[in-house]
Amino acid sequence: MAEIKDNFKTFNVDLWKYDGQEGALIPLLQSAQDTYGYVSEKAIDYISHITGIPAADIYGVVTFYAQFRTKPLGKFVIKVCNGTACHVNGAKTVSDTINDELNIDYEETTDDGNFSLVSVACLGCCSLAPVMVVNDETYGRLTPAKVRKIVRTYKHKAKQENQ
Ligand code: FES
């Protein structure tokens, strides 16, 4: 357990008091996800250990809230903006095209672990709507053709890196 605890950089167990409400678990789960990118089984075991809440109950909370992931994110994380400007300018077409190319919906990761699709709020560049970000790279004024081209470029990159 000790080595897991050391990895929780923002995890302050001393300040946390369990008040019997499952909502009190949320900051702990968020901390785990911020640290690892997802809530791992190890993290659930550790939280169970320090709170005394059965791991199965914690797992139930994790799967109830859409904000938590139980699997690691892919090598390339595609964030599609669903803020108002992007929404009215075709965010759905963007995500549908990605879905068609990669066969994943929001909050899913491809089986090969290369891509994850995430929905995000306004990215702050509404004049470029619709917008998506792949890792740290921003792409705007997206059309289905543009999205396909970008996704295929990353598929190629992933293939090369995996060789
Ligand atoms: S709404 Fe998408 S960048 Fe602002």
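For the chain, modelled as a GNM with alpha-carbon contacts under 10 angstrom, which of 127, 116, 40 fluctuates the most?
It is 127.
Helix 144-162 versus the longest principal axis of the chain: what angle, 0 to 90°, nearest 10, using Cα atoms?
Orientation of helix 144-162: about 60 degrees from the principal axis.
Mind checking the angle between helix 91-102 and the chain's longest principal axis? C-alpha axes, 0 to 90 degrees, to the nearest 10.
80
What nm value, rounded to one decimal, do you get for the distance between residue 67 and residue 122 when each label is placed 7 Å out toward the C-beta?
2.0
Would you mind checking the radius of gyration and Dmax of the chain based on alpha-carbon positions, in Å?
18.3, 52
For the chain, build the charge dipole from Cβ charges (+1 Lys, Arg; -1 Asp, Glu) around the Cα centre, then report which of 88, 104, 59 sits farthest towards its positive end.
Selected residue: 88.
Explain nothing, just compute: Karplus ³J(HN,Hα) = 6.51 cos²θ - 1.76 cosθ + 1.60, θ = phi - 60°, for every residue of region 27-37 in order, whole Hz, x for Gly and Pro.
Along region 27-37, the couplings run x, 5, 5, 4, 4, 4, 5, 4, 6, 10, x Hz.
Please state the charge dipole magnitude for region 76-162, taken about the Cα centre, from unit charges on C-beta atoms (+1 on K and R, -1 on D and E), reported in debye and rounded to the nearest 20.
Values: 10 positive and 11 negative charges, 96 e Å.
Computed about the Cα centre, the dipole is about 460 debye.
Kindly provide the helix-only [θ] at 222 nm of the chain, computed as the sum of -39,500 (n - 2.57) over DSSP H runs of four or more divided by all residues, to the nearest 500 deg cm²/dmol?
My calculation for the chain gives -13500 deg cm²/dmol from helical runs alone.
Report ³J(HN,Hα) in whole Hz for each residue of region 53-68, in order, from the Karplus equation J = 6.51 cos²θ - 1.76 cosθ + 1.60 where θ = phi - 60°; Gly and Pro get x.
Residue by residue, region 53-68 yields 7, x, 4, 4, 5, 5, 4, x, 5, 4, 7, 6, 8, 4, 5, 9 Hz.
Taking H placed 1.01 Å from N in the peptide plane, check which residues at least 5 places from residue 39 or on another chain put their amide H under 5 Å from its amide H.
Correct list: 69, 70, 71.
Just so you know, all these numbers are worked out from the coordinates, no wet-lab data involved. None of the values given here were measured: they were computed from a predicted structure. With ideal geometry, Cβ positions are generated from the backbone for all residues, glycine too; neighbour counts draw on all protein chains shown.
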